[in-house]
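Data first, discussion second: the structure below is written as structure tokens.
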Amino acid sequence: MKIILVGHLRKLFDSGEIALDGSVRDVSDLLIRINQMKKNGTASLNRENMLLFVNDVEISALNDLMTELGENDIITLVPITHGG
């Protein structure tokens, strides 16, 4: 599966994309996994501070954190906070 990082989230991973194997069950599982991968000392990524899209559909229109993920899915993480 491919994770696309938008805005300042790129800095947490030094990349705009992350590739993960198919062992991630659902969005909740994904959040645990990416929080383990991000730079130490940075804020936790969660449902409250970003929008999460699975194949261009926001997860609230799906099954929210329980949205099942497949190996070919594209997940996009968009921060809801930004500078101005």
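Quick notes on this one:
- Taking every C-alpha pair closer than 8 Å and separated by at least 6 residues, the mean separation divided by the residue count of the range 2-79 gives a relative contact order of 44 percent.
- HN-Hα J in Hz across the range 19-33 - Karplus 6.51, -1.76, 1.60, θ = phi - 60°, x for Gly and Pro: 9, 10, 6, x, 7, 8, 6, 8, 4, 4, 4, 4, 4, 4, 5
- If the chain linking A61 and S15 were pulled fully straight, counting 0.36 nm for each residue of separation and taking away their Cα-Cα distance, it would gain 13.8 nm.
- When you filter the trypsin sites (Lys or Arg not before Pro) in the range 36-84 for DSSP loop state and at most 10 other Cβ atoms inside 10 Å of their Cβ, you are left with K39.
- Largest-first ellipsoid semi-axes for the chain, taking √(5λ) over the Cα gyration tensor eigenvalues, angstrom: 19, 15, 12
- Residues whose placed amide H lies under 5 Å from that of M50, excluding near-sequence neighbours: I80
- Amide H contacts of E68 (H built 1.01 Å from N, in plane; Pro and chain starts excluded): no residue 5 or more places away or on another chain comes under 5 Å.
- Gain upon complete extension [K39, E71; 0.36 nm per residue less C-alpha separation]: 9.1 nm
- Within the chain, helix-based [θ] at 222 nm, where runs of 4 or more DSSP H residues each add -39,500 (n - 2.57), nearest 500: -5000 deg cm²/dmol
Bear in mind these aren't lab numbers, they're just calculated from the coordinates by the rules spelled out. If you're wondering where the values come from, they're calculated on a predicted model, not measured in any experiment. Neighbour counts are summed over all protein chains in view; Cβ atoms, including those assigned to glycine, are modelled from backbone coordinates with ideal geometry.
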